[in-house]
Amino acid sequence: MEKSGAKQSGRDIDLGNKCSSNAFRWAQKSFLNRKGKDGEPLAGLEGAFSNVLNFRGRQFGISSDGIGTKVEIAERTGIYESLGHDLVAMVVDDLAANGFEATDVSNILDVDYLDYDIVDKLMGGLWEAAETAGVAISGGEIAELGSRVRGYGDAMHFNWCATAIGVLPDNLKKPVNGRGITPGDIILLLKEKGMRSNGFSLARKILEKELGKTWHQQGYNSQKTWGQMLLIPSQIMCRIITGMINAGLIPKGMAHITGGGIPDNLGRILKMNGCGAILDHLFEPPDFVVQLQQMGGIPEKEAYRIWNMGNAFIIVADNDDIDRIMKYFILHNCMIRIAGKIDPTGKIKLSSRGAFPDELVY
């Protein structure tokens with residue numbers, strides 16, 4: 001039997017979701033340790049992309065993530081400066097999806113051995129990303145782990161993760177989590193130029209099979225190699241999302257499109273009220289992602305769960321607010337479009353290039 005695209009990559013998305021749910025179940029058992037005290041986690045926040053902590057009547061968000069196997073693309077190409085944007089985007093945009101304004105980032109860099117120049121490039125890129133996000137890098141650690149960390153080539157190998165915290169803006173009484181979404185609400189999409197920081201295991205497997213072990217050096221076009229295309233940095237959305245909220249434009253729900261693609265991440269904010277969605281005006285996937293999909297023979301339905309397919313962030317809002325939200329993003333030179341609407345079916349239907357909606361039902 002042919003394996004799905006997700007399992008071809010060595011990653012089972014459904015099993016990953018199951019393990020994450022189980023891990024959270026264990027974590028919830030610790031919530032009683034802070035019951036009634038500062039730092040008490042807010043239990044039961046469905047649709048959350050970040051965890052919520054209570055501090056003397058004010059709510060803060062906290063989010064942790066890493067950049068996964070995109071690290072190997074940097075090891076292959078020797079290009080390290082852009083990874084900070086991926087690391088920051090993964091955590092601050094999760095905070096933004098619940099309406100939090102990111103304030104601080106702390107990071108952990110695990111290495112096999114230290115290379116000062118590579119670490120300097122990574123941290124320089126992290127600083128640039130922090131400038132874009134408007135956050136402080138308030139903590140971190142570099143840990144030398146020897147053979148416990150492996151990778152491509154002979155240069156320093158590493159794994160990079162971060163935690164971000166954020167504060168709820170004054171004009172939000174509670175985090176945005178999608179609870180008030182109803183059929184007829186409008187779905188807006190923000191565009192992504194690259195692959196953000198998900199789906200790289202499958203991308204690497206496809207390219208090695210098609211182009212050989214040095215696929216990262218092969219030309220994608222006359223200007224860029226495949227390695228350079230896969231390193232396109234994630235766009236950081238948090239600041240423009242916070243600006244929207246501070247301008248009084250409060251969405252009903254938001255979703256950061258990372259692992260699991262549109263179906264899993266939009267599904268997180270729809271599952272609590274039984275709503276579904278029809279998205280019939282998606283952004284076109286980047287050309288290099290389409291080529292990857294064709295090389296690997298990845299079905300459209302699988303591709304939209306493995307990769308973001310050109311879509312970075314979802315905003316769900318009442319129809320009466322759409323014009324003002326659209327004007328806000330256009331004024332700030334951000335590519336946005338009306339992608340569809342909420343319906344009562346409980347299913348997410350995507351109409352993609354040449355595919356009928358019933359072929360992409362989740």
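The values are calculated or read from the model by the stated rules, or taken from the named source; none is laboratory data. Remember, it's a predicted structure, so these values are computed and weren't measured experimentally. When we count neighbours, we look across all protein chains shown, and the Cβ atoms used for this are built from the backbone with ideal geometry, even at glycine.
Worth a mention:
- Single residue of segment 292-303 satisfying the filter (surrounded by fewer than 20 Cβ atoms within 10 Å (Cβ to Cβ) and touching a residue at least 24 places away in the same chain (Cβ under 8 Å)) that is nearest to Ser201 (Cα to Cα): Met295
- Scanning segment 280-321 for residues that are among the aliphatic types (A, V, I, L, M) and more than 19 Å from the chain's Cα centre (by Cα) gives Val290, Leu292, Met295, Ile298, Ala317.
- Among residues of segment 227-240 that are surrounded by fewer than 20 Cβ atoms within 10 Å (Cβ to Cβ), those with a beta-carbon under 8 Å from a residue that is in a helix (DSSP H, G or I) at least six positions away or on a different chain give the pairs Gln228/Thr77; Arg239/Thr132; Arg239/Ala133; Ile240/Phe329.
- Screening Ala203, Ala164, Ala155 for residues that are outside any strand (DSSP E or B) and buried (at least 18 other Cβ atoms within 10 Å of the Cβ) leaves exactly one candidate, Ala203.
- The condition (being within 22 Å of Asp93 (Cβ to Cβ), over 21 Å from the mean Cα position of the chain (by Cα) and surrounded by 22 or more Cβ atoms within 10 Å (Cβ to Cβ)) is satisfied by just one residue among Ile325, Ile342: Ile342.
- Answer residue from segment 66-84, given it is surrounded by fewer than 24 Cβ atoms within 10 Å (Cβ to Cβ) and charged (D, E, K, R) and is farthest from Thr103 (Cα to Cα) among those: Arg76
- Number of the exception - Asn107 against (1) surrounded by 18 or more Cβ atoms within 10 Å (Cβ to Cβ); (2) closer than 30 Å to Val316 by Cβ; (3) in the same structural domain as Phe60 (by TED's automatic domain parsing): (2)
- Residue list for segment 327-362, filter: without any contact (Cβ under 8 Å) to a residue 12 or more places away in the chain and not in a loop (DSSP other than H, G, I, E, B): Lys327, Ile330, Leu331, Asp358
- When Ile236, Ile241 are checked against the criterion of being farther than 20 Å from Arg179 by Cβ and assigned by TED's automatic domain parsing to the domain that holds Leu190, a single residue qualifies: Ile236.
- When residues of segment 32-46 are limited to those that are in contact with a Leu (Cβ under 9 Å, 6 or more places away or on another chain) and modelled with pLDDT of 80 or more, the one farthest from Met272 (Cα to Cα): Asp38
- Considering only residues in segment 104-129 that are of a type outside the set (Asp, Glu) and part of a strand (DSSP E or B), the one that is farthest from the chain's Cα centre (by Cα) turns out to be Val111.
- Helices (runs of 4 or more DSSP H) fully within segment 222-315 counting 3 or more residues that are over 27 Å from Met326 (Cβ atoms): 226-230, 287-296, 300-306
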